[in-house]
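J.: The structure's right below; bear with me while I get my questions together.
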Amino acid sequence: MSAETPVCQLLERQDADYRGWWWVAPPRDGWLEQGEGTLISADVSVRAAWQAQGRPALSPFSPEASPPPGVVLFWPKSHALGEWWLLWLCQVLPEGTPMQLVGEHQGGIKRVLKVLAALGMGCRKLDSARRCSLFATRSAPQSLDPEAVWTRFEAAGLTLASHPGVFGHGKFDEGTGLLIEQLETALPRGQVLDMGCGDGILAAWMAQQGRDVTAVDVSAFAVEATRRSLAANGLQG
């Protein structure tokens, strides 16, 4: 199968042996899903697609897999999220592991040069096509821990954990406030389900009201943020 997305089409034409590599935060693409290597993704739908093909697929919060011979990181549109992925990879990979960074120009891949320079990581451009670019570097020890990217903020009388990979990172939106106002008089007793839990504000608020809360989200970052938000307020869910 040929690659479907521009970033994967750029990778497909490389004369590189990607067997055993990690594919980190890629889009859905049949060429990748039927290829070689291990997926590392926070997106449960992408992991499910790989697993349906019998391919190994892990969350960044899963137990660490065996070190790969190399890594391809698909640069996200969120600059802060891309930095977190880099810091996380440098923490979990052996020093000097080959890394390739690929992304669309409109998604900010060209900013990678400044990010890598700030982290003291060398970089060279491998290729450019389909309005995408591909860069090469190697993992290196970092003084900044990826935990430092996590932040906390106060909203609705709660302490909330947030991450650049969570929708509405670090913000309390007006719609959530209106929903809480309505739930103050309409919240059912017993068990409640929070679908699309985000940073966990609704799950934490409902748990604070004495409800038995189950929180789910397609993003592993959101699930982890909700766990941290519940813990920060001494709540369970």
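J.: Once both labels are modelled 7 Å past Cα along the beta-carbon direction, what's the Thr159-Glu174 spacing in nm?
T.: The modelled label-to-label distance comes out at 3.0 nm.
J.: Take the alpha-carbon centre of the stretch 23-73, take the same for the stretch 220-237, and report the distance between them in whole Å.
T.: 25
J.: What area, in nm² and to one decimal, does the C-alpha convex hull of the chain cast on average over all directions?
T.: 13.9
J.: Quick one: dipole size for the chain, taken about the Cα centre, charges +1 on Lys/Arg Cβ and -1 on Asp/Glu Cβ, in debye to the nearest 20.
T.: The calculated dipole for the chain is roughly 540 debye.
J.: Against the longest principal axis of the chain, how steep is helix 79-92, in degrees 0 to 90 to the nearest 10, with axes from Cα atoms?
T.: It works out to around 70 degrees.
J.: Separation between the Val218 and Lys77 pseudo-spin-labels, each 7 Å from Cα along Cα→Cβ, expressed in nm?
T.: For Val218 paired with Lys77, the spin-label model returns 1.4 nm.
J.: At 25 °C and 0.890 mPa s, what whole-number value in µm²/s does Stokes-Einstein give for the translational diffusion of the stretch 113-201, with Rh from the Kirkwood sum over Cα pairs?
T.: Rounded to a whole number, D works out at 143 µm²/s.
J.: For Glu64 and Glu36, FRET efficiency with R0 = 22 Å and r from the beta-carbon atoms, rounded to 0.05?
T.: Efficiency for this residue pair is about 0.65.
J.: Right, something else. Quick one, what does Rg over Rh come out to for the stretch 6-138 if you take C-alpha atoms and the Kirkwood Rh?
T.: Rounded to two decimals, Rg/Rh equals 0.92.
J.: Along Cα→Cβ, 7 Å out, is where each label goes; now give me the distance between the ones at Val44 and Ala148 in nm to one decimal.
T.: Roughly 3.2 nm, to one decimal.
J.: Compute the Rg/Rh shape ratio of the stretch 41-111: radius of gyration over Kirkwood radius, all on alpha-carbon atoms.
T.: 0.97
J.: Here is a further query. From the residues Leu158, Pro94, Leu39, which one has its Cα farthest along the dipole of the chain in the positive direction, the dipole being from +1 and -1 charges on Cβ of Lys/Arg and Asp/Glu about the Cα centre?
T.: The residue sitting most towards the positive pole is Pro94.
J.: Another question about this same structure. What does the extension gain come out to for Gln209 and Leu126, with contour length at 0.36 nm per residue minus their alpha carbon separation?
T.: Full extension of this stretch gives 24.4 nm more.
J.: How high is the FRET efficiency from Phe167 to Ala117, r the C-beta distance, R0 30 Å, rounded to 0.05?
T.: The calculated FRET efficiency here is 0.50.
J.: Report, in degrees rounded to the nearest 10, the 0 to 90 angle that the Cα long axis of helix 174-186 makes with the longest principal axis of the chain.
T.: Compared with the principal axis, the helix lies near 40 degrees.
J.: Also, quick follow-up: Antiparallel DSSP bridges in the chain: what percent, to the nearest 5?
T.: Percent antiparallel among DSSP bridges in the chain is about 50.
J.: Mind counting lysine pairs for me in the chain? Cα separation below 17 Å, and the two need to be 8 or more apart along the chain or on different chains.
T.: Lysine pair count for the chain: 4.
J.: How compact is the stretch 150-232 by the rule of thumb for globular proteins, expressed as Cα Rg over 2.2 N^0.38 Å?
T.: 0.99
J.: Set the Förster distance to 41 Å, then compute FRET efficiency between His105 and Ala186 from the Cβ-Cβ distance, nearest 0.05.
T.: Efficiency, rounded to the nearest 0.05: 0.30.
Laboratory data are not the source of any read-out in this text; all were calculated from the coordinates shown. The structure presented is a predicted model; accordingly, all values stated were derived computationally and were not measured. FYI the Cβ positions are ideal-geometry reconstructions off the backbone, even for glycines, and counts take in every protein chain you see.
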